[in-house]
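Read through the structure below, which is laid out as structure tokens, and then see the notes.
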């Protein structure tokens, strides 16, 4: 099924028109956009694009980039804070972002390695390793959005003391786009035509075409991480497996000890560019266990300072929050969506040593009627109310949480009667508990990570699927296994050796091609997770749709934010109406935080970056 979006006048579009005409300046445009619920990042991106298309004085006002919060850091001494203790129920497998298997890896690596640019809480681009973020206003971004110039900080060095150079950026591009390296970020960096080092510190990036998403390869700790050319011998064919577990970076810490799927111990990077940072002299990052125990270890026992992603039922959250004196649990609404994913390949047939082989279709999930019936059999309101605590968090979209790109064209319904009717009409006959057709039974495996909320959700969905004649075998996999692509592990979400699975993800940018690449098949299906690419393709569902691929390519080439937003909504609609995925809820993320930590520097309101993006500025409150 396909969908289209009618472009019509909206308050935001009218505002853009006024800005284009020069009747309001940039500052007024961004303020008015915020009043309409449009994030500062999207508004700023629109403003930049309008300047590129019409560089009139009225439309070319500038804005200084926002600095990351650093409350109380003035006058502190590096390392005076002792040990910082972090815990997450998802343990890191590797630490190098361009080979990461998920956020658990990029987050652990973000204490060591940094991106060229980052985002502030409004989604506005902030320079990190360079003197300025390119813009049309400052002349570092061409008006046609086909080139950008970066000048690295003059005294910036790697943790081993070697200077950071423009060649490091050129090398990172060459390494990520070397297909033999199986980088998870290949598609995003492949938008670059060339990177030339003009001098030791200045790099000129040329893009294959002008695009509003020009900054995507350089931003954030999942995509924009810089690699040191000298550590690889300036050879993009050097896979450097040691780098996966002991990377050299520019961040505030270095690896002292790493036990994959268990823990990371960090020591201070003595070459970090700010001499009074970081405040903590070491970090212990423990992985594994479960979310509830992690929260208790912060709030009740004080063993840890911070626990990530406390996914637990509302009553449990409240009980922990009210029963301890060492910390608190903080909830932040995000654009992350918990969803059920269909496998479009057959997880039960082995082909050339692998299951879920891309050219082996699923025996019944390729039937739109089956997916439609399953979609109708999921009670999102019950799941949201009982397990997430907010009935209005139920969603029909995989792009959710922003008025700008949340589609008005979709809806969801819980209707078992209609689901049964659809299966009846499609020829799936019910003789007993399980429907079948031509000897094929509607019997599925349904996997997710070990977590009480997810197990409760599984039980609700299983009961409803049983009611429409679909037999369900539930599987729960420890998170350290489910989210890990370590060699020899085939029980993970990338291999996807089940019929359906369930987990959460969300956009990491105001305009998120990285997020939307999960359904892009790529040239010769290169973006589909398979043995041939070491399971680094991010299309885990093995979904192949030329129409979606074309929309994705248009998104990469979009020359205006308006066009990009229209494309995002069209892509969302295609996926939802084709029943590729069943979105459940737009999640509130909960974090357990020790009372001693200064929350002002933790960027808890920044949905665009990882939780440790500003760890160099973490410190404690005054006692």
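The values are calculated or read from the model by the stated rules, or taken from the named source; none is laboratory data. The model shown is predicted, which means the values in this text are computed figures rather than measured ones. Because the Cβ atoms are built from the backbone with ideal geometry, glycine has one as well, and the counts that use them run over all protein chains shown.
Might you check whether a residue that is modelled with pLDDT of 95 or more, assigned to a strand (DSSP E or B) and at negative phi occurs anywhere in region 304-315? Looking for residues that are modelled with pLDDT of 95 or more, assigned to a strand (DSSP E or B) and at negative phi, one finds at least one in region 304-315, hence yes. Under the condition of being in contact (Cβ under 8 Å) with a residue 40 or more places away in the chain and in a helix (DSSP H, G or I), which residue from region 530-560 is nearest to residue 102 (Cα to Cα)? Among them, the one singled out is 533. Summed over region 99-141, the residues that are in contact with a helix residue (DSSP H, G or I) (Cβ under 8 Å, 6 or more places away or on another chain) and under 19 Å from residue 205 (Cα atoms) give a count of 8.
In region 44-98, which residues are outside any loop (DSSP other than H, G, I, E, B), modelled with pLDDT under 85, more than 30 Å from residue 173 (Cβ to Cβ) and touching a helix residue (DSSP H, G or I) at 6+ places or on another chain (Cβ under 6 Å)?
Residue satisfying the conditions is 59 alone.
The residue list 574, 584, 604 contains one member that is at pLDDT 90 or above, surrounded by fewer than 21 Cβ atoms within 10 Å (Cβ to Cβ) and within 28 Å of residue 448 (Cα to Cα), which is 574.
If you go through region 386-415 and keep only what is outside any loop (DSSP other than H, G, I, E, B) and crowded, with 18+ Cβ neighbours inside 10 Å, you end up with 387, 388, 393, 394.
Could you list all residues from region 561-579 that are outside any helix (DSSP H, G or I) and touching a helix residue (DSSP H, G or I) at 6+ places or on another chain (Cβ under 6 Å)?
Applying the first criterion (outside any helix (DSSP H, G or I)) to region 561-579 yields 578-579.
Residue satisfying the conditions is 579 alone.
Restricted to region 224-242, and to residues there that are buried (at least 21 other Cβ atoms within 10 Å of the Cβ) and under 12 Å from residue 113 (Cβ atoms), the residue that is modelled with the lowest pLDDT is 224.
Can you tell me which residue in region 418-440 is farthest from the chain's Cα centre (by Cα), limited to those that are surrounded by 14 or more Cβ atoms within 10 Å (Cβ to Cβ) and assigned to a strand (DSSP E or B)?
At the first step, the residues of region 418-440 found to be surrounded by 14 or more Cβ atoms within 10 Å (Cβ to Cβ) are 418-424, 426, 428, 430, 434-437.
Narrowing the set further to residues that are assigned to a strand (DSSP E or B) leaves 430, 435-437.
Values: 430: 41, 435: 37, 436: 38, 437: 39 Å.
Selected residue: 430.
Please work out if residue 501 is under 22 Å from residue 367 (Cβ atoms), in contact with a helix residue (DSSP H, G or I) (Cβ under 6 Å, 6 or more places away or on another chain) and touching a residue at least 12 places away in the same chain (Cβ under 8 Å). Please lay out each step first, then the result.
On the way: under 22 Å from residue 367 (Cβ atoms): yes; in contact with a helix residue (DSSP H, G or I) (Cβ under 6 Å, 6 or more places away or on another chain): no; touching a residue at least 12 places away in the same chain (Cβ under 8 Å): yes.
Criteria not met by residue 501.
Scanning region 377-409 for residues being under 26 Å from residue 469 (Cβ atoms) and in contact (Cβ under 8 Å) with a residue 60 or more places away in the chain gives a total of 11. Taking (1) under 27 Å from the mean Cα position of the chain (by Cα); (2) over 20 Å from residue 235 (Cα atoms) in turn, residue 182 satisfies each apart from (2). Within the set 329, 320, the sole residue that is assigned to a helix (DSSP H, G or I), on the phi < 0 side of the Ramachandran plot and buried (at least 20 other Cβ atoms within 10 Å of the Cβ) turns out to be 320. Here are some conditions: (1) farther than 13 Å from residue 99 by Cβ; (2) in contact with a helix residue (DSSP H, G or I) (Cβ under 9 Å, 6 or more places away or on another chain); (3) crowded, with 23+ Cβ neighbours inside 10 Å. Residue 185 meets all but one. Which one does it not meet? Unmet for residue 185, out of (1) farther than 13 Å from residue 99 by Cβ; (2) in contact with a helix residue (DSSP H, G or I) (Cβ under 9 Å, 6 or more places away or on another chain); (3) crowded, with 23+ Cβ neighbours inside 10 Å: (1).
Checking each residue in region 457-481 for being surrounded by 23 or more Cβ atoms within 10 Å (Cβ to Cβ) and under 30 Å from residue 241 (Cβ atoms) picks out 479, 480. Counting only residues that are in a strand (DSSP E or B) and free of Cβ contacts under 8 Å to residues at least 40 places away in the same chain, region 186-225 holds 6 of them. With respect to residue 287, determine if the residue is within 23 Å of residue 451 (Cβ to Cβ) and crowded, with 22+ Cβ neighbours inside 10 Å. Taking the combined requirement at face value, the residue satisfies it.
Filter region 72-95 down to the residues that are surrounded by fewer than 23 Cβ atoms within 10 Å (Cβ to Cβ) and under 17 Å from residue 258 (Cβ atoms) and list them by number.
Once the filter is applied, which keeps residues that are surrounded by fewer than 23 Cβ atoms within 10 Å (Cβ to Cβ) and under 17 Å from residue 258 (Cβ atoms), region 72-95 yields 83, 85.
Restricting the search to region 482-494, which residues are at pLDDT 90 or above and crowded, with 20+ Cβ neighbours inside 10 Å?
Looking only at region 482-494, we keep the residues that are at pLDDT 90 or above, and these are 482, 490-494.
Correct list: 482, 492, 493, 494.
Screening residue 158 against (1) under 19 Å from residue 252 (Cα atoms); (2) out of contact with any helix residue (DSSP H, G or I) (no Cβ under 9 Å at 6 or more places or on another chain) leaves a single unmet condition, (2). Every condition in (1) touching a residue at least 24 places away in the same chain (Cβ under 8 Å); (2) touching a strand residue (DSSP E or B) at 6+ places or on another chain (Cβ under 8 Å); (3) farther than 22 Å from residue 273 by Cα; (4) surrounded by fewer than 22 Cβ atoms within 10 Å (Cβ to Cβ) holds for residue 145 except the one numbered (4). Residues that are in contact with a helix residue (DSSP H, G or I) (Cβ under 9 Å, 6 or more places away or on another chain) and part of a loop (DSSP other than H, G, I, E, B) were ranked within region 161-173; the one that is nearest to residue 215 (Cα to Cα) is 165.
Consider residue 268 carefully, then state whether it is surrounded by 18 or more Cβ atoms within 10 Å (Cβ to Cβ), at pLDDT 95 or above and closer than 18 Å to residue 166 by Cβ.
Values: surrounded by 18 or more Cβ atoms within 10 Å (Cβ to Cβ): yes; at pLDDT 95 or above: yes; closer than 18 Å to residue 166 by Cβ: no.
Judged against the criteria, residue 268 is not a match.
Candidates 432, 427: the one that is modelled with pLDDT of 95 or more and farther than 26 Å from residue 334 by Cα is 427. Within the bounds of region 446-454, is there any residue that is surrounded by fewer than 22 Cβ atoms within 10 Å (Cβ to Cβ), touching a strand residue (DSSP E or B) at 6+ places or on another chain (Cβ under 7 Å) and modelled with pLDDT under 95? Yes.
May I ask you to verify whether residue 280 is within 28 Å of residue 596 (Cα to Cα) and in contact with a helix residue (DSSP H, G or I) (Cβ under 8 Å, 6 or more places away or on another chain)? For residue 280, the condition - within 28 Å of residue 596 (Cα to Cα) and in contact with a helix residue (DSSP H, G or I) (Cβ under 8 Å, 6 or more places away or on another chain) - is not met.
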